[in-house]
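Single-structure report; data block below.
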Amino acid sequence: MAPTDLSEGPPFPTVPGDVSGAGLSVLRSGGMVTGVGTSLRTAHEPAWQNVDGVIEEPMVDVLKLPFDDLDLTSKTARVAAGALGLYDGARVAYNGTINELNSEWKSYSDRAYLPGGATKAQAEAFQAAIDEKKSDLRRRQSTAEGTFDDAATDAIGLLDLGPAALDNPRLKSMVDRGLKTYFVPKAGMTSAELKALLDDARASGLDPKDYKDLLQQYYVTKAAEKAGIDMSDWDPSKGAEGLRDIIEKVYTYYGQLYLDNPNLKWAGMANMIGPSFAAGFFDLNLFRNIADKAAGPLDDLPDEVRDSLPHPISDIGKLSDLTQEDLNFYETTFLQMQKDIFIDQAAMHEAYLEGGVDAIEEMRDAGLFDNGDPDQTVESWQQIDDGITTGDNDLINQGNKGLLYREQHDIIDDAYQQMYDHDPTGPVVTYLMGVVGDPSIPDAQTLGEVDPLTFTGGADPWGPGKIDVTVETPLPAGNIADFDTRWNLIEEDTLDKYLAVVDGDPDRAEEIIGSSVHDRIEEDRIYWRIDDIVDDFKYNWDIDIDVGW
C-alpha cells in the first residue's frame, strides 16, 4: 500500500478493497480442478486395471500430462488464494487498529478544552499536549502500516513464485496462514452457511486445527437450530428468569436426541436429571431461608456434637449474610455451566449423528477435546458406535458413561471450584447444594443418603464403664463441588438408577423424557421441599449409644 503522509494526524483513513470473496472463489476453483482430476482418474481406472502386457504402460501414462496440468493449476489456485487471504487478513487487522486509534483520538479531542482567558503558557501547554497525543497516534499508525506492508510484500512474493512456494515449508506455512482467514466464522451465520464454508475448509487440505472455531460453531449452530435457540440471546448474566425459555429448550433438545436415538443415553440422562439441576437456578435465593431455619436446630445440638460437625455446617449461619452480588455470582456460574455443557456435548452429538466416529475424530484433531483426554473422548464414542453395530448394550453404556465423565470432570469441574473458592460463602453454598439436591431420576438418592456424615465419640464417666456414641446425620459427608464426591455419587447411585429405567423400563423412560421440561422444573423447585429439608436438620439424626463395661 502507499505510505501514509506521517505529517498528517488523526483521523487516519482505512484501506478499502475486500478481496476475501475473490480469494475464496479462486480456492473453490482450485478445488473444482482437483475434482476434475479425481473424476478423470476414477473414469480411467478400469481401462488400465483390465489390461496387461505391452499396452499396460502406455495406458497408465496416457493421462499423465493432463493430470500434471490439473495438479499444477490446482496448486497455483491454492497459492493465489493463500496470498490474497494473507493480504486481506492483514488489511482487516490494519483497519481494526486504525478504527481503534481514530476512536481514541475522538474521545481525546472531545474532552480537550481550553477555557477562555487562558494564559499564553497554558495555551502552549494545551497545544503541546495535543501535539504529543497526535505524535503517539501517528507512531502507532506507522507501526501498524509497516506490519501491513510486510504482509503485502509477502503476498506479492507468493504470487510471483506460484506453485513453487508449496515446496518451501516456510512459504507453505504462509500460504496456509492466508487460507485460514477464509474460515473464520461470523456471528449469526446459519448452519447451512457454516457447512458450505466448512466443506471449503476441508477441501482446502488445511489441518483441522486451522478451522477449529468454524467446526465447533457449525455443530453448535446446528444443535441450536434444532433446539430453537438463538445463541446471541444466550447470555448467562441475564439470570435464570431471563433465560427460562433457553434453559427449558436445552433439556427438551437433549430429550429429543434420546427419543430419536435411545443409544444416546447421556442425552437422556441430561434431560431426566436436568430439571432438578435447573430448579436450583431459580431457588438460590432460598438458601438464606434454609440457613436461617437450620441454624436453630444445629445450635441446639450438644457442644461435643456440634463441634464435631465439618466446617461448612458449622458456618451455615454465614448464608444469612449472602448478598445479591453473591447470589448473582452463583446463579451466573450455574447458567454458564449449562451453556458450556451444551457447546461441548451438543456439538459432539451433532457431529456423531452427521458423520459418525470420523466426525468425532475430526473434532479431536481440531483440538476441541484438549480440555480433557482427547483420545478417551473418541474412545467413548467408538464404544457407543461399536455397541450399536454389534448390539452390545454394555459397550453403549460404557461409552455414554465416558461422556458423562467428560461433562463432570472436564467441562464443569472448574466452575464448581470457582463457586467453592468464592469467599467467604463458597464452601457453605456448595455444601448446601449437596444437602438440598434431589435428583429427578426415579429411586435415585441424595448425596446425604449415599454418603452420610457419620461420627463417633466416647466417654468413660464411671471409671470401668464406657459409653460409645455413633451419630449418623442426614447431611452429606462430602461437598458436591469436590469431583471425587460428585463422581462417587454418580457411580454408586445416580447412573445405576438411570440405567435401571432406560434399560429396564424403556417405556417409562420415554414417558418421563418426553414430558414437559417446564412442568418438571416446577415440580422440583426447592420451595416445595423447604420444610422437609429443614425437618431433616431437626429430626433425621440416628444416634446409637453403646454402653460397655
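The values are calculated or read from the model by the stated rules, or taken from the named source; none is laboratory data. Note that the coordinates shown come from a computational prediction; the quantities given were computed from them, not determined experimentally. Note: ideal-geometry Cβ built from the backbone for every residue, glycine included; neighbour counts use all protein chains shown. The accessibility values were calculated without ligands, DNA or RNA, using every heavy atom of the protein model including side chains. Shrake-Rupley method; radii C 1.70, N 1.55, O 1.52, S 1.80 Å.
Per-residue answers, yes or no, for (1) open to solvent by 30 Å² or more (accessible area, probe 1.4 Å); (2) modelled with pLDDT under 90; (3) touching an Asp or Glu at 6+ places or on another chain (Cβ under 7 Å):
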site	(1), (2), (3)
Gly434	no, yes, no
Leu453	no, yes, no
Trp462	yes, yes, no
Thr473	no, yes, no
Ala477	yes, yes, yes
Glu491	yes, no, no
Would the range 208-224 turn up any residue that is at pLDDT below 95 and either β-branched (Val, Ile, Thr) or more than 25 Å from the chain's Cα centre (by Cα) (or both)? no
Among residues of the range 67-116 being hydroxyl-bearing (Ser, Thr, Tyr) and touching a Gly at 6+ places or on another chain (Cβ under 6 Å), the residue surrounded by the most Cβ atoms within 10 Å (Cβ to Cβ) is Ser74
From the list Met348, Met337, Met363, exactly one residue is over 29 Å from Asp496 (Cβ atoms), under 15 Å from the mean Cα position of the chain (by Cα), at pLDDT 95 or above and part of a helix (DSSP H, G or I). Which is it? Met363
Determine whether Asp394 is assigned to a loop (DSSP other than H, G, I, E, B), open to solvent by 70 Å² or more (accessible area, probe 1.4 Å) and not hydrophobic (A, V, I, L, M, F, W, C). no
In the range 331-342, what residues are in contact with a Phe, Trp or Tyr (Cβ under 9 Å, 6 or more places away or on another chain) and open to solvent by 20 Å² or more (accessible area, probe 1.4 Å)? Glu331, Lys339
Mind counting the residues in the range 117-156 that are in a loop (DSSP other than H, G, I, E, B) and surrounded by 11 or more Cβ atoms within 10 Å (Cβ to Cβ)? 1
Within the group Val450, Val429, which residue is more than 22 Å from Met269 (Cα to Cα), touching a residue at least 40 places away in the same chain (Cβ under 8 Å) and among the β-branched types (Val, Ile, Thr)? Val429
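With respect to Leu159, is the statement that it is touching a residue at least 40 places away in the same chain (Cβ under 8 Å), open to solvent by 20 Å² or more (accessible area, probe 1.4 Å), closer than 19 Å to Gly89 by Cβ and in contact with a helix residue (DSSP H, G or I) (Cβ under 7 Å, 6 or more places away or on another chain) true?
Numbers: touching a residue at least 40 places away in the same chain (Cβ under 8 Å): yes; open to solvent by 20 Å² or more (accessible area, probe 1.4 Å): yes; closer than 19 Å to Gly89 by Cβ: yes; in contact with a helix residue (DSSP H, G or I) (Cβ under 7 Å, 6 or more places away or on another chain): yes.
The answer is yes for Leu159.
In the range 13-42, how many residues are in a helix (DSSP H, G or I), touching a residue at least 60 places away in the same chain (Cβ under 8 Å) and open to solvent by 50 Å² or more (accessible area, probe 1.4 Å)?
Selection size over the range 13-42: 3.
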Taking the condition closer than 29 Å to Leu214 by Cβ, among the β-branched types (Val, Ile, Thr) and surrounded by fewer than 20 Cβ atoms within 10 Å (Cβ to Cβ), does Thr377 pass? no
